Amino acid sequence: MIKSMTGYGGAKGISDDIEIIVELKSVNSRYFDCTVKLPRVYIAFEEPIKHCVQKHISRGKIDVFITIDTSIAGDIEIKVNNSLAEEYITALNSLADEYGLGKNIEVTELTRFPDILHASKREADKDRLCKDICAVLEEALDGFDSMRKTEGKKLEHDIVARLDEIDRLTVTAQEISPRSVMEYKKKLETRMCEVLQTSGIDEQRILTEAAIFADRVAINEETVRLLSHTEQLREMLTQSDPVGRKLDFLVQELNREANTIGSKGNDTEMARITVDLKAEIEKIREQAQNIE
C-alpha cells in the first residue's frame, strides 16, 4: 500500500512526572529532510529522534515538535549544608558560654542564616527520558502513518482510474492507426487520378507509397510499451516499499511514448487522443509527487 508524503501525528506521555508532547507534520520533498524542535537543554536527543523518524519515513520534509513540561514534576530538591550548620551551632554555643546566655537555638532561627538551605532542581535521568520521548514519538508516528495510508489509498484510486483511461485511449489509438493508412492510400489514389487525368495509375507505386507511410506512422511499438508501463505502474501501487521515485521515472516513460505517438499521428482524431493521453499522464505525475 502506498503512502502519501503529507500527514500529521501527535501523542502525549509521562516520564518521571515530566509530561512529553510530540507533534509531527510533513510535506512533499524529493529527499528525507527532518527538523527536530525541542528545548535546547535536550539538544543531545536530536539524533536518536531523527533515527526513530527515519525508520518510518524514507522521503519528505518532516518537522518534529517536542514539548517537555516539568511543571507537574516534583523536581525541586532542598539540600542542607550540615557542615555549615554545625559551625553556626558551635559559634552560637560559644557565644552563650562566654556571655552567660541561654542555649535555646531553634531550627527556624538556624535556617535564617545564609547558605544553610539550598534549593535546586533534581537532575533528570536523561537516558530514560530520551527513551520515553522516542516511545511517545513512536505512538505519534503510528497515527502519522495511518493518516498517510488513508491519503495514499485515495491517491491510488485516482491514479488507477487514470491508468484505465490511458489504456482505453491507447487501444483506441491502435484501432485508428491502420485506418489512417487506408485513408492515406485512398487520398493518394484520388490525387494521382486528378493529376494524371486517368484511372490507369500504377497500383504498385500506390502500394509502395502506402507502405512507406504506414511504416512512418506505425505506433504499435509505442502502444505496446504504453500498456506495459501502465501495468508496471499498477503493480508498483500494490507494493509496501516506498515507490514514489520509481513512479516519477515511469511517468516520464509514459510521457515519452505519448509524445512519439503524437509526432507520428497525421489526423485530428489521433491528435485529440494524444492530447488526452498527455493530460492524463500529467495528472498522474502531479499525484506521484505526493507519494513517498
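Could you tell me whether N28 is over 30 Å from K246 (Cβ atoms) and surrounded by 11 or more Cβ atoms within 10 Å (Cβ to Cβ)?
So N28 does not fit the description; no.
Only one residue in R179, R148 is loosely packed, with under 13 Cβ neighbours inside 10 Å and at pLDDT 60 or above, so which one is that?
R179
Looking only at segment 221-274, which residues are surrounded by fewer than 19 Cβ atoms within 10 Å (Cβ to Cβ) and among the acidic types (D, E)?
E221, E231, E235, D241, D248, E253, D267, E269
Residues being part of a helix (DSSP H, G or I) and either under 12 Å from C134 (Cβ atoms) or of a type outside the set (V, I, T) (or both): count how many of those fall in segment 8-52.
Counting residues in segment 8-52 that are part of a helix (DSSP H, G or I) and either under 12 Å from C134 (Cβ atoms) or of a type outside the set (V, I, T) (or both) gives 11.
Taking the stated definitions as given, is V53 aliphatic (A, V, I, L, M), assigned by TED's automatic domain parsing to the domain that holds F144 and under 13 Å from the mean Cα position of the chain (by Cα)?
Against the criterion (aliphatic (A, V, I, L, M), assigned by TED's automatic domain parsing to the domain that holds F144 and under 13 Å from the mean Cα position of the chain (by Cα)), V53 qualifies.
Take the residues of segment 232-251 that are out of contact with any helix residue (DSSP H, G or I) (no Cβ under 8 Å at 6 or more places or on another chain) and assigned to a helix (DSSP H, G or I): which is nearest to K278 (Cα to Cα)?
F249
Restricting the search to segment 38-57, which residues are out of contact with any helix residue (DSSP H, G or I) (no Cβ under 7 Å at 6 or more places or on another chain) and aromatic (F, W, Y)?
Correct list: Y42 only.
The values are calculated or read from the model by the stated rules, or taken from the named source; none is laboratory data. All values derive from a computational prediction rather than experimental measurement. Backbone-built Cβ (ideal geometry, glycine too); neighbour counts: all protein chains shown.
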